[in-house]
Amino acid sequence: MSDRKSEPAPEQKGGSAVNLETRRMRGLSQRLRQPLFPRPEPSVAPKSSASPQTHLVEEPLSGTPAGVPAAKPDGSVSGAAASAETQQIAGKPQVSYEGLLSAGVQLQGRYKILGVIGIGGMGAVYKAQDLRFPGVLRLCAVKEMINTALDSQVRQMIVRNFEREASILATLGHPAIPQVYDYFTEGSRCYLVEEFVTGKDLEARLAEAEGFFSEGMVADWAVQLCEVLSYLHNHKPRPIIFRDLKPSNIMLDDHDRIRLVDFGIAKLFQSGEKGTMIGTEGYSPPEQYRGIAEPRGDIYALGATLHHLLSKQDPRLEPPFSFHERPIHKTNPTVSRELIGVIDKALEYDINKRWGSAEEFRRALAASLSIKIGSGSLGDKTATFDTGVVKPLWKFACEDEIRGSVTVADGMVFVPSYDHNVYALAEDNGKFLWKYPTEGGIACKPWVSEGMVIFGSIDKVIYSVDVRTGHLLWTAPTQGRIFSSPFGELGHIFIGSDDRQIYAIHQMSGRRAWTYAADGEIRSRPLVAESLILFACQMGMVYALSLNREQRWRFRARRGFLASPVMHNGLVFIGSLDNHFYALDVRSGWAAWKYRSGGSIVSTAVIWKNMVFFGSSDGFVYALDADDGRVVWRYQTDNQITAAANVAEGNLYIGGVDGNLYCFDALTGAVRWHYQTDGPITGAPQIADGIVYIGSADHYVYAIPM
Amino acid sequence: MADIKAWLRNRFGKSARRAQEESAAASLFKKPETAPIEGAEAERALAERGRRAWEASGVFSVGWCTDVGRVRNHNEDALFILSSEQEANNAAPPFGLFMLADGMGGHQSGEVASALALRAAAGWLLSHVYFPLVDGTDRGADQPSLTDMVREAISHANRVVTRDYPGSGSTLTCGMILGDRLFVGHVGDSRAYLLRVGQPARQLTKDHSLVNRLIEMGQLTEEEAAVHPQRNVLYRAIGQGATLEVDVFTYALEPGDRLLLCSDGLWGAVDEAEIWRLIQEAPTPQQACVQLVAAANAAGGNDNISVVLVETWRGQSQGV
């Protein structure tokens, strides 16, 4: 063990297991993958050790990998194209290397080569005809393995092992295992003759499938696979470990029955190469990398395969052993909790926590199938909480819809209504205090500070009224209807109008300091932060002005903005009607990241613990990582989400067009409760003193305990 | 909105905010056109100009060093360093691009792969981010986001290397700074660290190595990993096929932050505490880099050693 640098892959310690290495040879039928890539150690610099240790031939290789004949695939053939049909001859030979058998060649005077099925690191796989049955076309698959060992003793050992393992394979009899007919050695080449299986492998099926496989279908395949694994693991005198279970090694024959193909023994021919990986990257159990091979490793690989089939996330493109970090229901919420639980147990890192045997696994799968009937799934959200417990403390009826957001300040709730009024209600009991009538509907969120309530109306006027009495203090006219919410900072009120201007109004006097003309109507709230005035317009532009109105940058989206900008950690967050949610660098205006939702975004974001929350008209509430826009969680409601959210004490509150006010666990997206109102909710909830205040299009404002 | 107010309060504090309000309120009424400036206002304006000039000088202080080590006979590591500053009206924010690649593939192809990966990624970012930045091209949804740009640049490098030198490979770790925002793109087992004053150093990148995954899962100890026969097996690298998942992150930088990029020739040889000590004690980033390489060589120099150290806004936190 002193010279680890030139050490080959760890020896398999699976003492009692038959050393049946499986290795796929149909290289062309594999989709592109991420081979584990051994990096050369400083003390070992021969060309061969530095080559990628993969038996796949997908791209033309400039060098010759160790032990691989100089394979040069025809550049016109891609792996993906060839994967659609496995064990079927493509129209013409797709690869050629020195010594590749051409059509017509006979082996042992018995097997007539018809064509090449695929080519791998150790040799090719051919479609052949068995001439022993002259009256019929009896097809078989002939696997060729080229013995490249230089040392004659090693060569002989490889041949002996090949013959031993081939003879074991030949004794297997299970409907899901293709029959081995024959094996022989010719010169430096060993051949294995197998039943020719027509059909498609699951990798090809995965690549073709538009949506997800049905849960029932996958579970049915899983049960069949458990049966064949059980057969192998109970083999006498010693269990057989398949060791390379993965979608590309599982065929569905013409009768939709599972066939476990590629009991390859080509691995024997790779021994001694530095850095050679065992099994398949992505599906292999962790203990295999400590040299342990046992039946429960196959159970893990089956779990990994099922995870891939259901989630459609290719584990070869993900960090190794990361299944638990990528729960199936995140990409495919229709899969039942029961089945996910069964698969998760197969995927335990700790071998002792997995299913004890393939038979046990099979029974659990079967049980999950029967439970599934008539029970809820993870996607069935209404079963998870009881809505009866949420009761409003009070509610207050306006004369028309509440489309804007309420503001709570100074013990009062200020409610903008489409009935032209702003109402002031007592925070603790909802008692009416005063209302201020304008000439148009009010759809903004009032700004309250310095004893003033400030808001704009569709009658084109900005109003400031006394917080206590509701008496008018000043008005400021604009030339357009006002949907924009005011924002106060630096002694001024900033507000947009449908006249495409943004107004800076001196808060105390109502005097206009300046206006700035934008490209489109400004319907969302401006924001003053980092010595910039940020706002967005209906023409799809976000503006950053310095405090003296100089434009610092502009950002153009593909469609307009109804959401308001918010800022966190140097990023400006805003969603657009072009379906994207943008994180713009506040200094440069470049999108640091963006996220595409399934619908237009009207909802203004809220930030909490480096997560950004918003809704989309695709019906989802999203929680994204503020640093990079990755989805932390998302939740589908029954209708669009256009309202902004709010966070308090680890809970996320957001209203939906479905009329519900939702309360989520902000970290996980689990629904704590929801409260159904009788109209769409388009305004943001306001939280104060343990109470959530929300207005609805049903005319009511509700005070609901958190 | 309450959140924003709270944020402003936290950020500026009460009195600082008041002061800012006063000056900001004054500038609210200032015309965009440049008018003759006199008296106190002139002083303030000059101070402002001075501050900006100061801010613009030496935004990045960069050191780098690469060495073949003591065992290998050629250096497969490659580095790219660019920092750019402007001072002009409405100038583009400072821009920095720092990259490190550690090639593999034996004979000549390791260094060819790392060099090619670097050139391809750097060229992509310069033409898609830097030149538009200098040109003042309008930002918009038609451009990919900056994280997507970084991801795309590395994917582009991957395609180029896979196409031109199949069978070779490279790590690639990229730090792109735009203003006070850092974007990190990464594949492989080179590393990026962020050193922030008064905080423990933070490894920003995750090694895409099999043994690192096994450590994360508790299947291997650090000690076992250090001698594991497959310790050099990466599960993600440039040049390994048409698709590549790239890790991309962004961070808001703070004044005085230091970004360290290094190949495994450094982190595999010198322990982290020693790395931080050498960086803290060196008078300049360049001297720090030279000493880090010397330390790795003193520890055996088993591999190529490469280091880039970027220091941002040194001393600015003290104000002007």
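Coordinate-derived values only; no laboratory data. What you are looking at is a predicted structure, and each value in this text was computed from that prediction instead of being measured. In this analysis, Cβ positions are derived from the backbone assuming ideal geometry, glycine residues included, and neighbour counts consider all displayed protein chains.
Put the Cα centre of the stretch A:401-456 next to the Cα centre of the stretch A:674-706 and the gap is 14 Å. What is the sum of charges around A:Glu227, taking Lys and Arg as +1, Asp and Glu as -1, for the other residues whose C-beta is under 14 Å from the C-beta of A:Glu227? Result for the local shell: 0.
Taken residue by residue and averaged, Cβ atoms of other chains lying within 10 Å of the Cβ of B:181-187 number 2. Taking amide H positions as modeled 1.01 Å from N, with prolines and chain starts lacking one, the residues under 5 Å from A:Tyr181 and 5 or more places away or on another chain are A:Val193, A:Glu194, A:Glu195. Cα centroid distance between the stretch A:173-201 and the stretch B:140-197, in Å? First find each Cα centre; the distance between them is then 45 Å. Taking amide H as placed 1.01 Å from N in the peptide plane, the amide H of B:Arg139 sits under 5 Å from that of A:Arg554, A:Arg556, each at least 5 places away or on another chain. Once you reduce the stretch B:107-138 and the stretch A:485-559 to the center of their Cα atoms, the two points are 37 Å from each other.
For the peptide A:589-601, the mean number of other protein chain Cβ atoms found within 10 angstrom of a residue's Cβ is 4. Partner aspartates and glutamates whose Cα lies under 17 Å from the Cα of A:Lys609, excluding those fewer than 8 positions away in the same chain, are identified as A:Asp625, A:Asp627, A:Asp628, A:Glu649, A:Asp665, B:Asp3.
Taking N as the residue count of the stretch A:180-257, its C-alpha radius of gyration divided by 2.2 N^0.38 Å amounts to 1.37.
Going from the alpha-carbon gyration tensor of the stretch B:226-320, what semi-axes, largest first and in whole Å, does one get by taking the root of 5 times each eigenvalue? Here the semi-axes work out to 28, 21, 10 Å.
Counting Cβ atoms of other protein chains within 10 Å of each residue's Cβ and taking the mean over peptide B:200-209 gives 1.
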